[in-house]
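Student: The structure is given below, and queries will be raised subsequently.
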Amino acid sequence: MPSSGHRLRDVEHHPLLSENDSYDSAASSPADADAADRVWFIRDGCGMICAVLTWLLVVYADFVVTFVMLLPSKDFWYSVVNGVVFNCLAVLALSSHLRTMLTDPGAVPKGNATKEYMESLQLKPGEVIYKCPKCCCIKPERAHHCSICKRCIRKMDHHCPWVNNCVGEKNQRFFVLFTMYIALASVHALVLCGLQFIACVRGQWTECSDFSPPVTVILLIFLCLEGLLFFTFTAVMFGTQIHSICNDETEIERLKSEKPTWERRLRWEGMKSVFGGPPSLLWMNPFVGFRFRRLQTRPRKGAPEFSV
């Protein structure tokens, strides 16, 4: 209900509440602080299937590279160097995927549009704030409601089923790293496939693999198709994300042609805001800021996300 000091509107776009004035779930109550210390996870069937499929495809690529191409090779250092490089890329890619999937993208707490909270904002008379009618929260600036996560997400770029999560303010960095490492691993796998085909043809398919020639061909062709598909998708997403960060504009804002009501950051300022701090090798590390969360097996009722 509107109070005499301000007005509340049930709309979804262009909120006047800034990010600094937003509701802080970590400081509101012990229960909210306890909830903030849990791992984020979305219970979406399609998203979970896509996430598992992503892991299986990476594991398949690692199997073919390691057991079909590198271990049978007679060149010891060729096998060691390429094996270490590819497996490092695979580990970094999967780690970035996990961080993207299990990190709160910047969800606004549900049901914070209460009279008590609105009074605590100490708004000026006549000032308008906006409430999301779907999750009953005060919408900060540049927040959008995700129909899959059932939450308003700060600086929501899009919902990606391959990571079973929204890409937003708090996990965009990990999503960018995920797309980059997958693209690099795909290029590496394609190069190894090309070299393996050449070696097998020159050796007339004798001793080039521990598998029979027909099985080797099938495995390599499928890996090439997977590599091309993954590289195309992730390279495009990586470029799109970097462009959005440099322009300080999310994909939703670009598609909706929303006029910026915020002061755009400069390109490097946007990069530093997303990756944290000045340019360094830490930007490439998906483990930065990682800490073990408390295990909680009982899901929260009435919400698609739960803590594990």
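The values are calculated or read from the model by the stated rules, or taken from the named source; none is laboratory data. Everything quoted here is computed from the prediction, not taken from an experiment. FYI the Cβ positions are ideal-geometry reconstructions off the backbone, even for glycines, and counts take in every protein chain you see. Keep in mind that these areas ignore ligands, DNA and RNA; they rest on the heavy atoms of the full protein, side chains included. Shrake-Rupley method; radii C 1.70, N 1.55, O 1.52, S 1.80 Å.
Student: Which number in (1) open to solvent by 50 Å² or more (accessible area, probe 1.4 Å); (2) not in a helix (DSSP H, G or I) marks the one condition that Phe67 misses?
Tutor: The single condition Phe67 does not satisfy is (2).
Student: I'd like to know if the range 152-174 contains one or more residues that are open to solvent by less than 10 Å² (accessible area, probe 1.4 Å), touching a Lys or Arg at 6+ places or on another chain (Cβ under 9 Å), farther than 30 Å from Leu57 by Cβ and of a type outside the set (D, E, K, R).
Tutor: Yes, there is a match, as at least one residue in the range 152-174 is open to solvent by less than 10 Å² (accessible area, probe 1.4 Å), touching a Lys or Arg at 6+ places or on another chain (Cβ under 9 Å), farther than 30 Å from Leu57 by Cβ and of a type outside the set (D, E, K, R).
Student: Of the conditions (1) open to solvent by 40 Å² or more (accessible area, probe 1.4 Å); (2) farther than 16 Å from Val176 by Cβ; (3) modelled with pLDDT of 85 or more, Val236 clears all except one; give me its number.
Tutor: (2)
Results for (1) closer than 30 Å to Val52 by Cα; (2) modelled with pLDDT of 80 or more; (3) open to solvent by 50 Å² or more (accessible area, probe 1.4 Å), shown as yes or no for each residue.
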{"site": "Leu94", "(1), (2), (3)": "yes, yes, no"}
{"site": "Arg99", "(1), (2), (3)": "yes, yes, no"}
{"site": "Pro109", "(1), (2), (3)": "yes, yes, no"}
{"site": "Lys115", "(1), (2), (3)": "no, no, yes"}
{"site": "Pro125", "(1), (2), (3)": "no, no, yes"}
{"site": "Cys136", "(1), (2), (3)": "no, yes, yes"}
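Student: Check Pro72, Pro125, Pro105, Pro109 and return the single one that is assigned to a loop (DSSP other than H, G, I, E, B) and within 30 Å of Glu207 (Cβ to Cβ).
Tutor: Unique residue meeting the criteria: Pro72.
Student: Let me ask something additional. Return the pair list, or none, for Cβ contacts closer than 8 Å from residues in the range 138-159 that are closer than 16 Å to Glu251 by Cβ to residues that are open to solvent by 20 Å² or more (accessible area, probe 1.4 Å) and among the hydroxyl-bearing types (Ser, Thr, Tyr), at least 6 apart or on different chains.
Tutor: Here the result reads Arg154/Ser22, each pair linking the range 138-159 to a residue that is open to solvent by 20 Å² or more (accessible area, probe 1.4 Å) and among the hydroxyl-bearing types (Ser, Thr, Tyr).
Student: Looking only at the range 181-219, filter to residues that are surrounded by 14 or more Cβ atoms within 10 Å (Cβ to Cβ) and part of a loop (DSSP other than H, G, I, E, B); which one of those is farthest from the chain's Cα centre (by Cα)?
Tutor: Among residues in the range 181-219 that are surrounded by 14 or more Cβ atoms within 10 Å (Cβ to Cβ) and part of a loop (DSSP other than H, G, I, E, B), the one farthest from the chain's Cα centre (by Cα) is Trp205.
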